Amino acid sequence: MVTVVRRTLHDKIFIIALICAGLSLFIGTPQLTAINWATIGTLFALMISVQLLRAMHLLDTLRDWLLVKSHDTRQMCQLFILLAFGGSMILTNDVAILTLIPIFLTLARRQHLAIAYPTTLIIMAANLGSAFTPIGNPQNLFLVTFYHVNLFTFFKLSTPLMLASLTLLVALSWRLPRLPLTVTPTKSTPISRSQIGLAGGLLSFIMLGIFNLVPISLVIIGTIVVGLMINRRVFRDVDYALLLTFICFFIFVSAISHNPAITHWLNQLTQTAPSVYITGLITSQVISNVPAAILLANFTPHLSALFLGVNIGGLGSLVASLANLLALKQLLPFNDEQPLHHFLIVFTALNGLGLFILGLGGWFYLHL
C-alpha cells in the first residue's frame, strides 16, 4: 500500500494534472457530477485485465517469437512496430509503450542501432493502433461512453484510420537500415492457456460493458473478482495515478467549461464537423488528446470529427499524447549513448509528417 501511494505521489503527469485542476478553480466552478465515473470504473477494470496479461508474460512470448522470425534489423524493427500497433489495440497504447520500448532499446543497444527513428515509429504505432478499438486508449473509452456508441458505428469510424495509419507506418519503416541480426531471444516464462483464456474472456466482458450490453457496475465487480482469483498482486501494479489524472482532467474541463468567455469561444469553434476536427487536432497539441476529447465533447455532437481530431492529434508535439511522455521516460537512461535532443528532433519531424499526412486524409474523409 505504501509503495502504491509513493508511486502515485511521485507520478509527474498526475502532479501536473493536479496542479492544472487546482488552477482551473480560478477560471470557473467545477461540478463533481461532471466526473464520468463510468469511464473511471471501466478504465480501472481495463487496467486490471491488462495487468493480468502482463503477469502472464504474453508480450515476452510474442517478442521472442518475433525475434525468431526476424532476419535482419529492419525486419526486427518492423515486427516491433507491428506488435506495438496490434498490441495497443487490446493492451492500450500506454502498456504497449511501457512494455515494448525498454525491450527494443535493450536489443537496439546490443545491435548498435540508432534508436531515434525506429523508437519514434514504435511510439507512433502504439498511438495509432490504439485508435482502432474502444479500449485502446483513454480518449476512445471516454468517447464511447459519452456518446453511447454501438460496436458497428465505432469500427466503421475507426477502420479507415487504422488502414491509413498502417500504410503510413509500413512506408516509413522501409527507411530503416537493413543490417545482419545477431540478437538471440531470451527464454520466456511458460504461459498458462487457461489463464489466458480467462483473461481474454474478461477483456470481452469489459467490451460488452463499454457498449452498454452489460451493466458497467457488473463489469467492474466481475473484473475485481477475477483479478482476486487469478493474481491479487495485479492490484498493486494498477496505475492509480492515471485514474486520479483522469479525475483531474474531468475537474479541469468542468471548471473551464463553466467560464462564460471560454464557453462562448468553444461554442464558436465547434459548430461544424470540420471546425471540430481542426479544433481537436490543435487542442491536442497543447493540452494532450485525452483532455481535449473530454473538453470538446461537451460542446459538439460531431463524434466522427472529434474522434479523428483527437486520435490523429495524438501525433505532432511531445505532449499531444500522454503515451509520448511515458516513452520519453524510457529513453532517459540511454541519453548518454544517443543524445536525447537528437531523438526529439527526429520525433518531432516524423510526428509532424504523420500529422500532416493523416490530418489531410482525415480532412478529405470528413468531406466525402
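Just so you know, all these numbers are worked out from the coordinates, no wet-lab data involved. Just so it is clear, the structure is predicted and the values come from calculations on it, not from any experiment. Methodologically, a virtual Cβ is constructed for each residue, glycine included, from the backbone with ideal geometry; neighbour enumeration extends over all protein chains shown.
Observations on the model:
- Percent breakdown of C-alpha pair distances by 5 Å bin, ordered from the shortest bin, for region 116-259: 2, 7, 11, 14, 16, 17, 15, 10, 6, 2, 1, 0
- Quarter of Cα convex hull surface for region 97-159, i.e. mean projection, nm²: 4.8 nm²
- Here the Kirkwood formula puts the hydrodynamic radius of the chain at 21.1 Å, using every distinct Cα pair.
- log10 of Debye I(q)/I(0), alpha-carbon scatterers only, for region 269-325 at 0.21, 0.23, 0.26 Å⁻¹: -0.60, -0.71, -0.88
- Between ILE16 and GLN271, the modelled labels are 3.4 nm apart [label points 7 Å from Cα along Cα→Cβ].
- Two-site label geometry, ASP64 and ARG233: point separation in nm, points 7 Å out along Cα→Cβ: 1.8 nm
- Residue-wise HN-Hα couplings along region 29-43, as the Karplus relation 6.51 cos²θ - 1.76 cosθ + 1.60 with θ = phi - 60° gives them from phi, are 9, x, 10, 5, 5, 6, 5, 7, 5, 5, 5, 4, x, 5, 5 Hz; Gly and Pro carry x.
- Net charge of neighbours whose Cβ lies under 14 Å from the Cβ of SER321, counting Lys and Arg as +1 and Asp and Glu as -1: 0
- Once both labels are positioned 7 Å from their Cα atoms along Cα-to-Cβ, the gap between HIS258 and LEU208 label points is 3.8 nm.
- Here region 131-184 has an Rg and Dmax of 16.6, 50 Å, counting Cα atoms alone.
- Taking other C-beta atoms within 10 Å as the exposure proxy, TYR365, TYR117, TYR277 rank TYR365, TYR117, TYR277 from fewest upward.
- Förster-model FRET efficiency, 30 Å R0, TYR147 and VAL4, C-beta, rounded to 0.05: 0.35
- Estimated FRET transfer efficiency when R0 is 25 angstrom, pair LEU23-LYS329 (beta carbons, to 0.05): 0.55
- If you plug the beta carbon distance of THR182 and HIS57 into 1/(1 + (r/R0)^6) with R0 = 25 Å, you get a FRET efficiency near 0.55.
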